[in-house]
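Before any comments, here is the structure.
The values are calculated or read from the model by the stated rules, or taken from the named source; none is laboratory data. All figures in this text were calculated on a predicted structure; none of them were measured in a lab. Cβ: placed from backbone, ideal geometry, glycine included. Neighbour counts: every protein chain shown. When the accessible area is computed, the model is the full protein with side chains, heavy atoms only, and any ligands, DNA or RNA have been set aside. Shrake-Rupley method; radii C 1.70, N 1.55, O 1.52, S 1.80 Å.
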Amino acid sequence: MAMDYPNQTACILIRNTSATDPQNHFPYNTKGFKDLPKEKYMFFRTTDDIRNLNFANGDCLNSSVPQNVTFEYQGNPFDALGSAMGTVSTIPRTTVIIILQFIVALAIGLSG
């Protein structure tokens, strides 16, 4: 909607729960933000991050808050595992699901 109606969208604010709760990794796709001006959106951690922004003047971004937007799927539970191992997870979610299905099928086959 922000691309279709840029003059009707003041700010896009999204709370990044993955940044404050390591157990709460909810996958989300940030690809849609790639062509938006970075000043139009903000992923915030707590309400303190947006407390002093003047939305009426188009002030949507607190530059002191890291915006780790990759313009792809983020927040997967496996991202935390990759970070803990010193790597960044680049495995697509569908690949992980297929691998898990294979492991379950293998386990069923071995037990039967």
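Miscellaneous remarks
- Cross-chain or 6+ apart pairs with Cβ under 8 Å, region 40-59 first and touching a residue at least 24 places away in the same chain (Cβ under 8 Å), then of a type outside the set (A, V, I, L, M, F, W, C) and buried (at least 17 other Cβ atoms within 10 Å of the Cβ): 42/49; 43/16; 44/16; 45/16
- Any chance residue 65 is open to solvent by less than 70 Å² (accessible area, probe 1.4 Å), modelled with pLDDT of 80 or more, part of a loop (DSSP other than H, G, I, E, B) and closer than 19 Å to residue 26 by Cα: no
- Residue within region 35-49 that is within 27 Å of residue 8 (Cβ to Cβ), modelled with pLDDT of 80 or more, in contact with a Phe, Trp or Tyr (Cβ under 7 Å, 6 or more places away or on another chain) and open to solvent by less than 70 Å² (accessible area, probe 1.4 Å) present: yes
- Residue that is farthest from residue 64 (Cα to Cα) [pool: residues in region 1-51 that are part of a loop (DSSP other than H, G, I, E, B) and acidic (Asp, Glu)]: 4
- Test: residue 20 is in contact (Cβ under 8 Å) with a residue 24 or more places away in the chain, touching a Ser or Thr at 6+ places or on another chain (Cβ under 7 Å) and loosely packed, with under 12 Cβ neighbours inside 10 Å: yes
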